[in-house]
Amino acid sequence: MNAQATYPPTDDKRWRLVENTMRRHGNQPAALIETLHTVQECFGYLEANALSYVATTLRVPLSKVYGVATFYHFFTLKPQGRHTCAVCLGTACYIKGAQTLLDAIKERYGITPGQTTEDQNLSLVTARCVGACGIAAAGSLDGEVHGKLTAEELLSRIQETISHDT
Ligand code: FES
């Protein structure tokens with residue numbers, strides 16, 4: 001039994017996806033980058049609580065976690081928009097039109113990967129393979145993966161998600 005059981009910072013269900021990533025890699029330190037990708041895809045950025053939680057679970061010194069999080073340009077420590085859309089740019093999704101998804105978001109919301117809309121409603125990031133190649137093109141909205149996406153469908157899901165806030 002693991003005497004040092006660790007728990008997610010909140011009961012937000014997106015933490016389950018983060019836990020799954022770590023567990024899939026045996027909660028080993030080697031899972032660090034993969035796990036940070038999952039945190040960012042789910043929450044849009046790497047918040048301090050998330051970094052502590054990941055450090056403890058993977059038994060990696062917190063200083064090293066910060067080192068990795070700040071070294072790679074695709075990670076961000078700053079809060080982004082209220083919702084995060086991650087478009088998978090893995091090979092299968094790319095072939096199935098991931099670029100058209102990015103183009104549609106750019107046209108509708110005026111943002112490119114790494115940007116957030118002015119009203120802070122939506123951040124757009126890209127992901128590597130999210131493990132849903134069979135249903136490419138895939139993307140996630142606040143950590144929930146959707147497959148067989150067309151530009152129209154993705155835009156309507158985003159719209160629906162944003163309108164739930166109002
Ligand atoms: S390449 Fe997109 S889910 Fe695998």
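The values are calculated or read from the model by the stated rules, or taken from the named source; none is laboratory data. Since this is a predicted model, take the numbers as computed values, not measurements. Cβ sites come from the backbone with ideal geometry, for glycine too, and all protein chains shown count toward neighbours.
Can you find even one residue in the range 99-113 that is touching a Gly at 6+ places or on another chain (Cβ under 8 Å), surrounded by 14 or more Cβ atoms within 10 Å (Cβ to Cβ) and farther than 23 Å from Trp15 by Cα? Yes: one or more hits. Residue selection: Thr56 fails the criterion of being polar (S, T, N, Q), farther than 30 Å from Tyr7 by Cβ and over 15 Å from the mean Cα position of the chain (by Cα). Note on the range 130-140: among residues that are among the aliphatic types (A, V, I, L, M) and crowded, with 18+ Cβ neighbours inside 10 Å, the one that is nearest to Phe43 (Cα to Cα) is Val130. Any residue at all in the range 103-110 that is outside the structural domain of Ile33 (by TED's automatic domain parsing) and among the aliphatic types (A, V, I, L, M)? Yes, the range 103-110 contains at least one residue that is outside the structural domain of Ile33 (by TED's automatic domain parsing) and among the aliphatic types (A, V, I, L, M). Taken as a whole, the range 23-31 holds no residue that is touching a strand residue (DSSP E or B) at 6+ places or on another chain (Cβ under 7 Å), in contact (Cβ under 8 Å) with a residue 12 or more places away in the chain, assigned to a loop (DSSP other than H, G, I, E, B) and not small (Gly, Ala, Ser). Looking only at residues in the range 93-133 that are among the hydroxyl-bearing types (Ser, Thr, Tyr) and within 17 Å of Arg82 (Cα to Cα), the one that is farthest from the chain's Cα centre (by Cα) is Tyr109.
Residues of the range 39-54 being of a type outside the set (Phe, Trp, Tyr), buried (at least 19 other Cβ atoms within 10 Å of the Cβ) and either at positive phi or in contact (Cβ under 8 Å) with a residue 40 or more places away in the chain (or both), which ones? Within the range 39-54, Gln40, Glu41, Cys42, Gly44, Ala50 qualify. Out of all the residues in the range 67-83, which are at pLDDT 90 or above and of a type in the set (S, T, N, Q)? Answer for the range 67-83, where residues must be at pLDDT 90 or above and of a type in the set (S, T, N, Q): just Thr70.
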